Every structure is written in structure tokens, then in C-alpha cells.
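Every number here is computed from the coordinates shown, using simple stated rules; none is lab data. Predicted model only: the values in this text are computed from it and were never measured. Positions of Cβ are backbone-derived with ideal geometry, glycine not excepted, and every protein chain shown enters the neighbour counts.
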Amino acid sequence: MKNLRTYKDRLFITNFKTKSHKFFTRKSFFVLILYILIFATAFSFAFYDFFPRVTNLQVGSISQENIIAKRTVSFVDTNKTNELREKIAESVSPVYRFDTKKQQVVSNNIDKFFSDLINVVSLNAKEDEKKSMLDNILGNNSQYTTLILKENVENLNKLKTYIYDSTYKLMITGVRSDELSQAIKIGSDDIKNSNFNDQEKSFLIYVLEKFLQPNLIYDSAATENAKEEIMKSVPSVKITIQEGSIVVNKGDKITQDNIEILQALGLVRSRDAWKSILNIIFLIFISIGVSYLSIIKSKVVNDKNLIKKTAEFLITFAITYLLASSIKGISYYIIPIPLFAMILFEFTDFPTTLILSIAFLLIVSIPINMSPILILTLLLSIVIYLIALRKTSRISTFIYAGIIGGGIFSIATLLSNLSAKEALSSSLLNSIFSFTNFFISTIIAIGFVYILEHVFNEVTDIRLLELSDTKNPLLKELLLKASGTYQHSMMVANMASNAAEAIGANELLTKVGAYYHDIGKMIHPYYFTENQQMIPNIHNNLSPNLSKTVIINHIKDGVQLARQYKLPDEIIKFVATHHGRTVVSYFYHKAKEHDPNLSKEDFRYPGPLPESKETAILMLADAIEAASHSIEEMDYGKIEDLANSIIQDRVTDGQLDQSEITFSELKIIKESFVKNLISLYHKREKYPDGKENKG
């Protein structure tokens, strides 16, 4: 099975030759001018900051002149902002949470404690034995041992009930660990005011101190979250420097605050300023160039999605460039250049991805003086990764390609480091970084592509592979509720995808679209012939108008189900267009027997018509596969006549007018259909004993 990516690669040159006239359409020319203006404006603002009038000022140096602001500027003072936020965060009260289990733990402990005492008191044993047992329970506290020996069971239960209530009242309002002693004091004061005698009061205080536990637990995470929230709410400290004001006086020692002000005014030049300017220039040319690269591939980009495709590139560029800028100080070997290629590869073709990856590699590598050997090994690894991923058959292929690319990069890094006389430990660490770069980038890319394809409602290989899994909940539901329709869809998918490949259309998209095109039949499965194997034809008892309504409604039901299951728009088009505006012929002719003046338009599907070659192929495959079951003695001539008849009918009826499909392609499609059906329904030879050849 060849996928979306292989298909786009195959069409790269063809589309360049046949669609190049679109370069200078009014809309594409307007978009190009718009891009140039936008990026030129951005470049102008960025360029301005790299031509300051004061240079080489550092913290601690002495200003040789008065520095005056040439314009009014406002900027965020990060140091003062952080100081203010930290100060306010310190005022946040600690967050505590109730431990609901503590109350039960305390109650259980008290209950066991008093049960043990009551059991000892109730024993028919000598007093010395009881005393010894009580000493074990009370920790050799002779005062309380003597008291318990004198108490009866009834009074001990009163003491237990009282201490139950006392701990409950204290814990219901919450007891913090740093306030435990205060809670015990409050409970002790209540005990002292009770009606028990002094010895019993002392014993109750002992029990309270022994068993009371804090049930308000300090929640460090919640406290930190509260601090973070309050810090977020604190507005940034903005400093405004008015035009004409003196920023630094002559002879002043330069401070960090001075540096921040000078940077805001664009009065400090970095030694790497020209490298940054070069990066900006590259960014402009790449951003404008991606429009050209997208426009010349009409199967990837059209007038409707030009902006969307450009946005996908710019988002990918921005995210990976910012990520690269933020972590390049750790190690050159973990700069996520492979991530850029991995993401972009899902939205464009091999040549474009390779070209843009090389450009991105240069943009990132120039400012940090990346070695040529590292650039070449990284580029080689990316190329190998892209080649490994060109024929995607399952999600695991992405992981496999990442391991292959990471392995190549890791080995190349190790060898190049050792040949450069790097220490073994350093070489091994760089090698690990190299492999980790590819592997982690693969995982991130899958997730990032998933987000982008849903945000922009794109159909990538990843999404098509996900939808092509027959274990998909919607397909499993189709098999369960309408097994005949499921089998029909699988057969149509096989026919349609083979025909799509034969004419250079997107076979994977066609196959997935075919899988889901009849999901609307799940709503009323037994109204469709393929699901009536074991039951009488329901339509025998219905009027033609009612039958027509049920049949036609499977389109609307299918679209609703597709949206409910969040299928992409490209797949929903297959559901909505696979009957186009054709007539439900059987019920139309049956109804016309009773009403000769009946309009054919009343028995047409609502449409729309197929707008792509892929949806047109599905329409034809669906009709021909369904009609082929009516042929009693299957042979090549009958199947070919059937296919010719249906294709001619669709062409004459205008059902393919919006699909841009050609007559030469229709001929190839017909031949592919006939070949598939002959293979499917081939006649088995019979042997003299009457048995069929099972081959």
C-alpha cells in the first residue's frame, strides 16, 4: 500500500509542469505580495535593533558620555517584576486539606484502647494479674492503673463516650500539626470543667494527649499553586523611558538596570548581531519560499488552503526554532532539528521537507558555529529517517524510523567525536544525546502532528492510518449492526484504492473514505439489501416514497455519525458525495407505475457531487460493486458491460462534472474495477467427481 506521502512525491514534477500556470493567478500573486510586505516589515523592525549607536557596554564599565534616549520606550523590568511577585507570594497563607480518614483512625484507636481496659477489668483473675496487664496497656502508669482497677465497665464506657465527643469536636474544625498542643489545651480545659472526679479528669487528659492527631495536612502543591496564581495575577513592572531623558550620565558605572534600559532602547550591540540578522534574512526567504513550494503542488495546496498550509509551516518553524534556541546551550546534539523535519514531513512531500530541513539546519547552526561534520552527520541522519518513513504502514513505523535515524546519528557522532580526539566519556554522552534527540523528537512529532491535524482539520498519514484500523470503534459498530454493509465497504475500499493508485490519486485516502462511506446505514440496517440475508425484504410492505426516504436518509445519517465521531472533513466528503445527485431508480420506477407523471427529481439524492478524483472513484466503485451481485454467470464481458454502463450513466447524468476526472482516467479506473471483480468472483474449475477446486 502506497500512502499519501508517496503519492505527493510522485506528483511533484508532474504538478510543477502541469500546474505552473497557477503561479501568477491573481490570488497567488496577491498572497505573495502580502507575504513580502509582512516579512519585510518584520525584518525592518528586527533590523533596527541591530544598528545601535552605543556599543560594548557591560555591567561594571564606566560610561564615557551622557546617554540620551532618542525615543520613548516602555519595557518590562524583569528583575523588579520578579522581586515584587516573590514578595507577594510570601504573603500567601499555607493551604491545608482535611484528612478525612484521621477522625476514624482516632476513634478506632480510642475504641480499642477502652475495649482493652474493659476486657481486663471484666476478667475473672487475680488483681496482680490485672494490674500487670493494665501496666502494659497504660505504659506502667501506676496512677491510672489503680484508677482503672477501681472503675466498673459502665463508668469506663462513660469515659470513652466523653473522649469520643471531645476529640470529635476538636477535629471537626480541623487540627493542624503546629496547633496540636493548642487543641489539646482546649480539650483539657473542657475536661477540667466536666463532672468527673479529679483522677478521671487527669486520665481523660492523658487519653486526649495520647490519641488526638492533626487532621489538617499541609498541602505543599496547593500552596505552591496558590503562590503561582497570585504571582501570575501580579502585573509586570513596566518602566517607561521618555524621549530626551538621560539614561546614563557620563562617568556613571553601568548597572544591570542600565543594561536592560539600553537593550530596550536598542542601544546595545551584541557581538553576534550580524549572525542574528542573517537568521532573520534566512527566515524571510524560507517563509516566502514555502508559499512557492506549496503553490506548485496542487494536490497539497489549493486556493482554499494556501493560508492554512503556510500557517502550518510557520507554526512548525516557530515552535522548533524557539525550542532550539532555548536548549542549544545544553548540547548541540539535542537541538531538535529532526523534530522540524518529522513534523513538516506529515504536511508536505519528501523534496520540500528535505529542502526546508537543510535551510532550517543552516539557520540554527550558523549562530552557534556548529561544526561542518555535525551538520553533515545530522543531515545524513535526517535523510535516512525520511527515507525510512516514506512508506508508512502503521504508527510503529514512525518509532522505527526514529530509532533508525537516531542510531545513525548516534554512531556518526561517536565516530566523529573519537576521530576529533574527544574524551571517551564526552563522546559517549554526545552519542546518547544524539540518539535521544531523534527518539524524543519522534514521540513529540507524533503528538504535535496530532494536534496540528486536528486544529487545521488536516488528513495526514498518521490520521489516515488511525482511521484505517478496522478496530476503530465506528467500524466495529458498523460490523456489529450492519455486517453486510461492512463487507460491502471493505470490498469497495479494495476496488477504489486500487483504481486510485492506478491513476495516481490518493489510494490511502480513497480506501479510508470507502471504509466509512456507508456508515449511515447503521441507523436502519435492514432496509438495505446487503443486510437482508436472513429476513424478508422490508420494502415489500412499504410504499416507494417511504422506501426512497429511508434509503436517501442514509447519507444524512452518515454525515451526522461522521461528525459525531469527529471524522475529518475529507472523509465526510466521501460519505456525503458517494451517491451524488443520482436517482434511486428502483423505487422511482416502482412509484411511477402508480403515478406516470412523477418527477424523477423527487427521487434524487441530495448531493453534493464528488469534487475530487478520489470521491468520484468511490461513487463508481460503490455502484459497480453493488450491481455486480445481480450478475448470475460472472464473466469478464458481463462485468465490463456493467462497468461501462454505470460509468456512462454517471457521466451522462453529470455526476462527475466537478471531479476533474478525465476520460482516459475513467478507462483505467474501469479496467481496474473489472480486474478486481474478476479476481473476487473468479469461477472455480469443477473436477469429474463434482468437487470444486478450492484454490
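Within segment 507-536, list the residues whose amide N lies under 17 Å from a label point set 7 Å along Cα→Cβ of Gln560.
518-527
For the residues Thr255, Thr320, what sequence is obtained by ranking on other C-beta atoms within 10 Å, fewest first?
Ascending Cβ contact count within 10 Å gives the list Thr255, Thr320.
How many angstrom lie between the C-alpha centres of segment 444-500 and segment 617-656?
25
First measure r as the distance between the Cβ atoms of Asn152 and Met231, then evaluate 1/(1 + (r/R0)^6) with R0 = 56 Å and state the FRET efficiency to the nearest 0.05.
0.35
Specify whether the C-alpha gyration tensor of segment 80-134 places it in the rounded, prolate or oblate class, a ≥ b ≥ c being the square roots of the eigenvalues: rounded for a/c under 1.5, otherwise prolate if a/b is larger than b/c and oblate if not. Intermediate values should be presented prior to the final figure.
On the way: a/c = 11.94, a/b = 4.51, b/c = 2.65.
It comes out prolate by the Cα gyration axes.
Normalise the Cα radius of gyration of segment 543-695 by 2.2 N^0.38 Å (N = residues in it) and let me know the number.
Dividing the Cα radius of gyration by 2.2 N^0.38 Å gives 1.23.
List the aspartates and glutamates whose Cα lies under 16 Å from the Cα of Lys158, skipping any in the same chain that are fewer than 8 positions away.
Within the straight-line limit of under 16 Å, Lys158 reaches these aspartates and glutamates: Asp111, Asp116, Asp190, Asp198, Glu200.
Can you work out the Karplus-derived ³J(HN,Hα) for every residue in segment 634-639? Use 6.51 cos²θ - 1.76 cosθ + 1.60 with θ = phi - 60°, whole Hz, and x for glycine or proline.
The phi angles translate into 6, 8, 4, x, 5, 5 Hz.
Residue separation times 0.36 nm, minus the C-alpha to C-alpha distance between Gln263 and Leu322: what's the value?
Gain on extension, Gln263 to Leu322, equals 19.2 nm.
For Val247, which sequence-distant residues (separation of 5 or more, or a different chain) have an amide H within less than 5 Å of its own amide H, given hydrogens modelled in the peptide plane?
Under 5 Å from the amide H of Val247 lie the amide H atoms of Ile67, Ile68, Ala69, each far enough along the sequence or on another chain.
Multiply the residue separation of Ser122 and Ser585 by 0.36 nm, subtract the distance between their alpha-carbon atoms, and state the gained length in nm to one decimal.
On the way: separation 463, 0.36 × 463 = 166.68 nm, distance 9.59 nm.
Extending this stretch completely gives an extra 157.1 nm.
Where the eigenvalues come from the Cα gyration tensor of segment 170-218, what are the semi-axes √(5λ) of the equivalent ellipsoid, largest first, in whole Å? Walk me through the numbers before you get to the answer.
On the way: eigenvalues 99, 19, 11 Å².
Working from the Cα gyration tensor, I get semi-axes of 22, 10, 7 Å.
Once both labels are modelled 7 Å past Cα along the beta-carbon direction, what's the Phe456-Ala423 spacing in nm?
Going by the 7 Å Cα→Cβ label model, 4.5 nm.
Please give the Cα centre distance for segment 313-348 versus segment 233-254, rounded to the nearest Å.
Using only Cα atoms to place each centre, the spacing works out to 36 Å.
Does a label point 7 Å from the Cα of Ala222, set along Cα-to-beta-carbon, have any residues of segment 154-192 with amide nitrogen under 15 Å, and which are they?
Residues 173-177 qualify, since their backbone N sits under 15 Å from the label point.
Could you work out how far apart the two model spin labels at Ile239 and Gln487 are, taking each label as a point 7 Å from the Cα in the direction of the beta carbon, and quote it in nm?
The answer from the label model is 7.9 nm.
Over the Cα atoms of segment 96-218, each weighted equally, I'd like the Debye log10 I(q)/I(0) at q = 0.14, 0.19, 0.21, 0.23 Å⁻¹, rounded to two decimals.
-0.61, -1.01, -1.17, -1.32
Ser91 to Ile678: extension gain in nm, 0.36 nm per residue of separation minus the Cα-Cα distance?
Extra length from Ser91 to Ile678 when fully extended: 203.2 nm.
Under 14 Å from a label point 7 Å along Cα→Cβ of Leu84: give me every residue in segment 230-245 with its amide N that close.
Only 231-240 pass the distance filter.
Counting only residues 5 or more places away or on other chains, whose amide H sits under 5 Å from the amide H of Tyr96 once H atoms are built in the peptide plane?
Asp219
Once label points are set 7 Å from the Cα along Cα→Cβ at both Glu632 and Asn193, what is their separation, rounded to one decimal in nm?
About 10.5 nm, to one decimal.
Within segment 420-494, list the trypsin sites (Lys or Arg not before Pro) lying in a DSSP loop whose Cβ has at most 16 other Cβ atoms in a 10 Å radius.
For trypsin sites (Lys or Arg not before Pro) across segment 420-494 that sit outside H, G, I, E and B with at most 16 neighbouring Cβ atoms in 10 Å, the list reads Lys421, Lys471.
Could you tell me the calculated FRET efficiency between Val651 and Asn545, based on Cβ-Cβ distance and R0 = 35 angstrom, to the nearest 0.05?
So the FRET efficiency works out to roughly 0.75.
Local charge sum around Gly187 (other residues, Cβ-Cβ under 11 Å, Lys/Arg +1, Asp/Glu -1)?
Here the charged neighbours net out to -1.
May I ask you to list the trypsin sites (Lys or Arg not before Pro) in segment 122-195 that are in a DSSP loop and have at most 12 other Cβ atoms within 10 Å of their Cβ?
Of the trypsin sites (Lys or Arg not before Pro), the ones in loops of segment 122-195 whose Cβ has at most 12 other Cβ atoms within 10 Å are Lys126.
Would you kindly derive the ³J(HN,Hα) couplings of segment 516-532 from the backbone phi angles with the Karplus curve 6.51 cos²θ - 1.76 cosθ + 1.60 (θ = phi - 60°), listing them in order in whole Hz, with x for Gly and Pro?
Couplings: 9, 5, 10, 5, x, 6, 5, 5, 10, x, 7, 8, 10, 3, 5, 9, 10 Hz.
Using the structure shown, select from Lys573/Lys670; Lys131/Lys201; Lys592/Lys638; Lys476/Lys511; Lys476/Lys667 the pairs with a Cα to Cα distance greater than 27 angstrom.
Details: Lys573/Lys670 22 Å; Lys131/Lys201 21 Å; Lys592/Lys638 29 Å; Lys476/Lys511 17 Å; Lys476/Lys667 35 Å.
Table pairs above 27 Å Cα-Cα are Lys592/Lys638; Lys476/Lys667.
Tell me, what ³J(HN,Hα) does each residue in segment 151-158 have, in order and in whole Hz, if you take phi through Karplus 6.51 cos²θ - 1.76 cosθ + 1.60 with θ = phi - 60° and put x for Gly and Pro?
Using θ = phi - 60°, the values come out as 7, 9, 4, 4, 6, 5, 5, 5 Hz.
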